[in-house]
Amino acid sequence: MDINYNVFRALAKEKKALVDNYDNQSKIKLWRDINDLKPTRPPVNIYQVPWSEFPLINEIVTPKENKFMWDLEFKLRKDIHELRHFPADMVYF
């Protein structure tokens, strides 16, 4: 099974760049305030996305036989897509 690790490195760098520019600290504060029952706006969390209908699946280059690496690549691509198109109030690391 051939795995192209350069794909993972590129995706990880892209996600890190997006997360570095993303306002995580204000999102963390919002969630802490909510959990501390402080009056604040309700956070928006998008978690029910029909990923099987996105063309994102077609971009995955890792063979499906390697389930762990395929899932890892899918997670990276999914996070990048979320950060670009609908970040809402989710916290990313």
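The values are calculated or read from the model by the stated rules, or taken from the named source; none is laboratory data. Remember, predicted model here, so these are calculated numbers, not experimental data. Reconstructed Cβ throughout: ideal geometry from the backbone, glycine too, with neighbour counts over all protein chains shown. What goes into the accessible areas is simple: the full protein's heavy atoms, side chains included, and nothing from ligands, DNA or RNA. Shrake-Rupley method; radii C 1.70, N 1.55, O 1.52, S 1.80 Å.
The table below lists the values:
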quantity	calculated
Neighbours by Cβ (under 7 Å, 6+ apart or cross-chain): first from segment 60-76, in contact (Cβ under 8 Å) with a residue 12 or more places away in the chain; second open to solvent by 90 Å² or more (accessible area, probe 1.4 Å)	Pro63/Met1; Glu65/Met1; Asn66/Met1
Subset of segment 1-11 that is in contact (Cβ under 8 Å) with a residue 12 or more places away in the chain and either touching a strand residue (DSSP E or B) at 6+ places or on another chain (Cβ under 7 Å) or open to solvent by 50 Å² or more (accessible area, probe 1.4 Å) (or both) - its residue that is nearest to Glu73 (Cα to Cα)	Asn4
Hits in segment 57-76 - residues which are buried (at least 16 other Cβ atoms within 10 Å of the Cβ), of a type in the set (A, V, I, L, M, F, W, C) and outside any helix (DSSP H, G or I)	Ile60
Test: residue in segment 28-45 that is within 14 Å of the chain's Cα centre (by Cα) and under 17 Å from Glu82 (Cα atoms)	yes
Every pair of residues 6+ apart whose Cβ atoms lie under 8 Å, when the first sits in segment 82-93 and is within 18 Å of Trp51 (Cα to Cα) and touching a residue at least 60 places away in the same chain (Cβ under 8 Å) while the second is exposed (fewer than 15 other Cβ atoms within 10 Å of the Cβ) and not hydroxyl-bearing (Ser, Thr, Tyr)	Met90/Asn45; Met90/Ile46
Lone unmet requirement of (1) within 15 Å of Pro87 (Cβ to Cβ); (2) free of Cβ contacts under 8 Å to residues at least 24 places away in the same chain; (3) not in a helix (DSSP H, G or I) for Ala17	(3)
Test: Asp2 is in a loop (DSSP other than H, G, I, E, B), out of contact with any Pro (no Cβ under 7 Å at 6 or more places or on another chain) and not aliphatic (A, V, I, L, M)	yes
Complete set of residues in segment 31-56 that are in a loop (DSSP other than H, G, I, E, B), open to solvent by 80 Å² or more (accessible area, probe 1.4 Å) and within 18 Å of Arg77 (Cα to Cα)	Tyr47, Gln48
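Here is a yes/no grid of residues against (1) modelled with pLDDT of 90 or more; (2) of a type in the set (Ser, Thr, Tyr):
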| residue | (1), (2) |
| --- | --- |
| Asp23 | no, no |
| Trp31 | yes, no |
| Pro43 | yes, no |
| Gln48 | no, no |
| Trp51 | no, no |
| Thr62 | no, yes |
| Glu65 | no, no |
| Phe74 | yes, no |
